[in-house]
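A short write-up of the structure that comes next.
The values are calculated or read from the model by the stated rules, or taken from the named source; none is laboratory data. This one's a predicted model, so the numbers in the text were calculated from it and none came from an experiment. FYI the Cβ positions are ideal-geometry reconstructions off the backbone, even for glycines, and counts take in every protein chain you see. Side chains are part of the model used for accessible areas, which takes the heavy atoms of the whole protein and leaves out ligands, DNA and RNA. Shrake-Rupley method; radii C 1.70, N 1.55, O 1.52, S 1.80 Å.
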Amino acid sequence: MTLLQTVQLERPLALLGRVMLPSLMAFWWSAVVIPRLVSLAFPQWLPSGAIPWHLNPDLEGSAANAVSATALATAALLTLGTAAASYRRGDGRFAVGGWTIVAITSAYLAWEEISEFHVTFGVKVIASVFGIQNPYLWPIAASPLVALFVLAAAGFVYKGLHVREARALLVIGVASWLLALGNEMLKPFVFHAVATEAAELEALLEETLEFGGALLVGSSAVAVLRGGPFLGVRRVAASALAALVIVGVCGGLFTALVYRPPVIDARANSNVGVYATWIYAGHSIAQEFRLPAPVDRLHLHSAVRGSNGRAGTAIWRVIDGTGAGTGDILREGRIGIPARDDLSLAAVSIDIAPPLSGAEGRRLALQLVNDGAPEGRLSFRAMKDDRYTDGRLWSSGAPTQPDQDLEFLAYGPPAPTWGKLRALWRLVTSGWRWPVLLADTALALTFIAFVPMLLVTTELSLWKRARRSMR
């Protein structure tokens, strides 16, 4: 008999999985998922900058990145041990080969989580084949290997995996990995093209899907190592249904009560034609726009230049009429502008209370006056080629070139009104990106809610069984 046929691996590996997987899950969802979701939904409560950098899973070298790699390495160890146990029990070559392939894949994902090899290698392949230098197109280079893995996993599930609970968990875990890869591919075309917040959400979804997939794959190995059902197909189905309901209810409440729909999107789709315009102390710029729906927040990018690191302020006004500044002032206030020594610009928001409203198509102008230090100048992100056709850009009361506009976003109020419902409908029907974003986010969040729910209910069930057996 060989060494693998004599060594008993099931009990210690199953115990390792029962300890490690819930522990990693508890850290991830409490320290990574919940804080970042709260920050995205309520930035006034928890700004993204207040979250420690080492809890950002998208940053190489962070603690969260290391925990993600640990989860994948744990899945690799459990699946490799399951392959050895399957060999000892004589489960057949499909079982041994299938678990070995999953173990190798998990180990590779753990290694590249901390090395980012897939990005550098994929960029080189895409550059050599297509002549394109783009860090977001690496999944194209990996697609043949991904297709082979999916075919091998399908054959393994069909021929070599006979424990129903393990089959369900492995299929869902691999699907979670594939969904994470899909998010990576959608990143430049959907998430980055919609809003900064969407790009931050994509990073959280992608990393958590990969992490949750590792937990599910590891749990499928534990189900086999225990030699019998410990989850129950009903519990898997009930957890999936509960996750779907929770995401639907929370998403509906967030959309109805918290979310601010963008009613004007005057942004550039690329950096072509984008430039920085600036105003000195006492001077102003004004961007005309037409009001399609109530507006209570304006978002733009600005910075103070040449002030030796001192921040500045700007007076903002919403004027009824053109950018000449001769109309009635409807709203006004002051905003702080951070200083920047490099070429970057900071995101700045203007909150308007009460919200701007009126007849659809009403012509207004946002005026910005440099109220900072005399030696400093305010820089704003602008664009050429007339990408916003509903208004012109003015400088100190004089119109600029007709193809120039300030880059900005206008948001509607969060209150559930018919105006908000119409704005949401216009948003969803404005192009293909928003429906894809909503569908992908809903599916990813359902996966993310499903994983802790399933593992927690399973541990509670096992704990209750252990108590009953001790009586």
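Okay, residues lined up against (1) polar (S, T, N, Q); (2) touching a Pro at 6+ places or on another chain (Cβ under 9 Å); (3) surrounded by fewer than 16 Cβ atoms within 10 Å (Cβ to Cβ):
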| residue | (1), (2), (3) |
| --- | --- |
| D342 | no, no, yes |
| A359 | no, no, yes |
| R377 | no, no, no |
| A382 | no, no, no |
| L393 | no, yes, no |
| Y411 | no, yes, no |
| W418 | no, no, yes |
| L424 | no, yes, no |
| V428 | no, yes, yes |
| request: With respect to R426, determine if the residue is in a loop (DSSP other than H, G, I, E, B) and among the basic types (K, R). | output: no
| Right, F191: within 25 Å of A41 (Cβ to Cβ) and surrounded by 16 or more Cβ atoms within 10 Å (Cβ to Cβ) or not? | yes
| field | Index of the failed condition, D341 passing every other in (1) closer than 28 Å to A423 by Cβ; (2) of a type outside the set (A, V, I, L, M, F, W, C); (3) not in a strand (DSSP E or B) | value | (1)
| request: Pairs only if they're at least six apart or on different chains, beta carbon under 7 angstrom, first in segment 46-61 and over 15 Å from I34 (Cβ atoms), second in a helix (DSSP H, G or I) and among the acidic types (D, E); list them, first residue then second. | output: D58/E207
| note | F380 vs (1) in a loop (DSSP other than H, G, I, E, B); (2) in contact (Cβ under 8 Å) with a residue 12 or more places away in the chain; (3) closer than 21 Å to F289 by Cβ: all pass except (1)
| query | Across segment 400-410, what is the total count of residues that are part of a strand (DSSP E or B) and either in contact with a His (Cβ under 7 Å, 6 or more places away or on another chain) or free of Cβ contacts under 8 Å to residues at least 24 places away in the same chain (or both)? | reply | 2
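Here are some residues: V163, V129, V171, V119. Which one is at pLDDT below 85, closer than 23 Å to V451 by Cα and either out of contact with any Gly (no Cβ under 9 Å at 6 or more places or on another chain) or open to solvent by 30 Å² or more (accessible area, probe 1.4 Å) (or both)? Break it down into steps so the answer makes sense when it comes.
Working: V129 fails: closer than 23 Å to V451 by Cα; V171 fails: at pLDDT below 85; V119 fails: closer than 23 Å to V451 by Cα.
Criteria check complete, one pass: V163.
Do we have any residue at all in segment 294-303 that's touching a residue at least 12 places away in the same chain (Cβ under 8 Å), more than 20 Å from V194 (Cα to Cα) and out of contact with any Phe, Trp or Tyr (no Cβ under 8 Å at 6 or more places or on another chain)?
Going through segment 294-303, the residues touching a residue at least 12 places away in the same chain (Cβ under 8 Å) turn out to be 294-303.
Now restrict to residues that are more than 20 Å from V194 (Cα to Cα): 294, 303.
So of that shortlist, the ones also out of contact with any Phe, Trp or Tyr (no Cβ under 8 Å at 6 or more places or on another chain) come out as 294, 303.
Taking every residue of segment 294-303 in turn, at least one turns out to be touching a residue at least 12 places away in the same chain (Cβ under 8 Å), more than 20 Å from V194 (Cα to Cα) and out of contact with any Phe, Trp or Tyr (no Cβ under 8 Å at 6 or more places or on another chain).
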| query | Any chance segment 195-210 includes a residue that's under 22 Å from the mean Cα position of the chain (by Cα), at pLDDT 90 or above, open to solvent by 40 Å² or more (accessible area, probe 1.4 Å) and more than 23 Å from S23 (Cβ to Cβ)? | reply | no
